[in-house]
1. Compute the semi-axes of the equivalent ellipsoid of the chain, taking the square root of 5 times each eigenvalue of the Cα gyration tensor, and list them largest first in whole Å.
2. Contact order normalised by length for segment 2-84, with contacts defined as Cα pairs under 8 Å and 6 or more residues apart; what percent is it?
3. From the phi of every residue in segment 53-59, what ³J(HN,Hα) in whole Hz does the Karplus formula 6.51 cos²θ - 1.76 cosθ + 1.60 yield, where θ is phi - 60° and glycine or proline is x?
4. Quickly work out the Leu8-to-Ala64 label distance, labels modelled 7 Å from Cα along the C-beta direction, and quote it in nm with one decimal.
Amino acid sequence: MIWHHSNLVAEVRTQSTGRVALLHLDATQPVVLEGTAATIWELLDGRRDQADVIAELEAAFEDAAGQLAAQVEAFLASLEAQRLIEPAGSTN
């Protein structure tokens, strides 16, 4: 599946710390991503599919336990549940 950022999400990036703060316009609490989570957010550009995102992360980070793909899937499900991402081609 190809994901993109929801159009109803405001984001603020802090380049010096690599953090991204997200707020869905219907939510009351922001979500702050850092590290690998922020990297995944950057990769969700509406062009890469989930397999591409996982492949890029595997190239950048060691996955000795072999859990990366499952962790990425769970993280994407969490972002979708919070309405921060949606499948490419969908509209708000």
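1. Rounded to whole Å, the semi-axes are 21, 16, 11.
2. 32
3. 4, 4, 4, 5, 5, 5, 6
4. It is 4.3 nm.
Each reported figure results from applying straightforward, stated rules to the coordinates on display, with no laboratory input. What you are looking at is a predicted structure, and each value in this text was computed from that prediction instead of being measured. Positions of Cβ are backbone-derived with ideal geometry, glycine not excepted, and every protein chain shown enters the neighbour counts.
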